[in-house]
Amino acid sequence: MKILVAIKQVPVRDSPLRVEGRWIEEADLSYEINEPDAYALEEALQLREKHGGEVVALCAGPVRAQQTIREALAKGADRAIHVEEAKLAEFDTLGVAKLLASAARPENPDLILTGLQSDDLGSGQTGVVMAELLGLPHSTIIMQVEVNSSQIRVKRELEDGWFQHIAMPLPAVLTIQSGINKLRYATLMGIKKAKTKEIKRVTAADLGVTATAAAKIEKVYHPQKTRQAEIFEGDPKAAAAKLVEKLKFEARVL
């Protein structure tokens, strides 16, 4: 069973952010694997351990993304494909999906996994657009995957604690929800082996994909900080009643 996992390199969550025009200044940032993609990778590794086959990591990004690719290889991915694109920010969701789909198509994978969304942009669209471009069935917000011969059975997370179980044919594309499993750490042996594993490098030009800009980021800014406090004076019981009313009907947390 060949499982392809799309991963993305994103800024570390606690990095200091400085806004530069339409995006953040990247020079001072540290980077890591996108957390939802890490769960997708873990699910792929566990499926391989149960059913055999190989796990191929697929990542689009500049040269620095090799660090994230090596991390995926150290955790257990068998090999990787790096779509090397220095100006990935010029590609919208459709453009990135085209890059990934074009790189994935020759692999003919049985299953493609992606994270539900990215920690930086958070559009949650790349996986499903990729599936549409490849003409494959897809399902989102996956909490469990069971493989049975030529089909899979998945558990989707819905609203208000509800779940949906779906049987799907293979090949298929799934977007994985964070928390589906427990993430593993790369072992020392895994880190050593990662240095010798194959990383196939291709470019957008090799894939025949050009930057698209159907959607653009017009402005990036820090959220405005506001402080608002309300003091209830007088009788404690009356003040408590007012507090409950505020929490119930204004804050809507009760």
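Scanning the stretch 211-254 for residues that are surrounded by 10 or more Cβ atoms within 10 Å (Cβ to Cβ), small (Gly, Ala, Ser) and in contact (Cβ under 8 Å) with a residue 12 or more places away in the chain yields Ala211, Ala213, Ala215.
Screening Leu207 against (1) touching a helix residue (DSSP H, G or I) at 6+ places or on another chain (Cβ under 9 Å); (2) at pLDDT 95 or above leaves a single unmet condition, (2).
Applying the condition of being among the charged types (D, E, K, R) and assigned to a helix (DSSP H, G or I) to the stretch 58-92 and asking which residue is farthest from Glu42 (Cα to Cα) yields Glu90.
Please determine whether any residue of the stretch 26-39 is small (Gly, Ala, Ser), without any contact (Cβ under 8 Å) to a residue 40 or more places away in the chain and at negative phi. Yes - at least one qualifying residue is present in the stretch 26-39. Note on the stretch 1-36: among residues that are over 19 Å from Gly122 (Cα atoms) and of a type in the set (Asp, Glu), the one that is modelled with the lowest pLDDT is Glu20. One residue is enough: does the stretch 47-54 have a residue meeting the conditions under 11 Å from Val5 (Cα atoms) and either under 15 Å from the mean Cα position of the chain (by Cα) or not hydroxyl-bearing (Ser, Thr, Tyr) (or both)? Checking the stretch 47-54: at least one residue is under 11 Å from Val5 (Cα atoms) and either under 15 Å from the mean Cα position of the chain (by Cα) or not hydroxyl-bearing (Ser, Thr, Tyr) (or both).
Kindly state which strands (runs of 3 or more DSSP E) lie completely within the stretch 93-163 and contain at least 3 residues that are crowded, with 23+ Cβ neighbours inside 10 Å and touching a residue at least 60 places away in the same chain (Cβ under 8 Å).
On the way: elements: 111-115, 138-148, 151-157.
The qualifying strands (runs of 3 or more DSSP E) are 111-115.
The lone criterion from (1) touching a Pro at 6+ places or on another chain (Cβ under 7 Å); (2) free of Cβ contacts under 8 Å to residues at least 60 places away in the same chain; (3) of a type outside the set (Phe, Trp, Tyr); (4) farther than 22 Å from Arg13 by Cα left unmet by Ala86 is number (4).
Is it true that some residue in the stretch 174-187 is among the hydroxyl-bearing types (Ser, Thr, Tyr), under 18 Å from Gln117 (Cβ atoms), in a loop (DSSP other than H, G, I, E, B) and in contact (Cβ under 8 Å) with a residue 40 or more places away in the chain?
Yes; the residues of the stretch 174-187 include at least one that is among the hydroxyl-bearing types (Ser, Thr, Tyr), under 18 Å from Gln117 (Cβ atoms), in a loop (DSSP other than H, G, I, E, B) and in contact (Cβ under 8 Å) with a residue 40 or more places away in the chain.
Screening the stretch 1-45 for strands (runs of 3 or more DSSP E) wholly inside it with 3 or more residues that are surrounded by 18 or more Cβ atoms within 10 Å (Cβ to Cβ) and touching a strand residue (DSSP E or B) at 6+ places or on another chain (Cβ under 6 Å) returns the ranges 2-7.
Within the stretch 196-226, track down each residue that is farther than 17 Å from Leu58 by Cα and basic (Lys, Arg). Those that are farther than 17 Å from Leu58 by Cα and basic (Lys, Arg): Lys216, Lys219, Lys225. Output the residues belonging to the stretch 199-210 that are in a loop (DSSP other than H, G, I, E, B) and loosely packed, with under 11 Cβ neighbours inside 10 Å. Listed by number, the list holds a single entry, Gly208.
The values are calculated or read from the model by the stated rules, or taken from the named source; none is laboratory data. What you see is a predicted model, and the numbers here were worked out from it, not measured in a lab. All Cβ positions, even for glycine, are placed from backbone atoms using ideal geometry, and neighbour counts span all protein chains on display.
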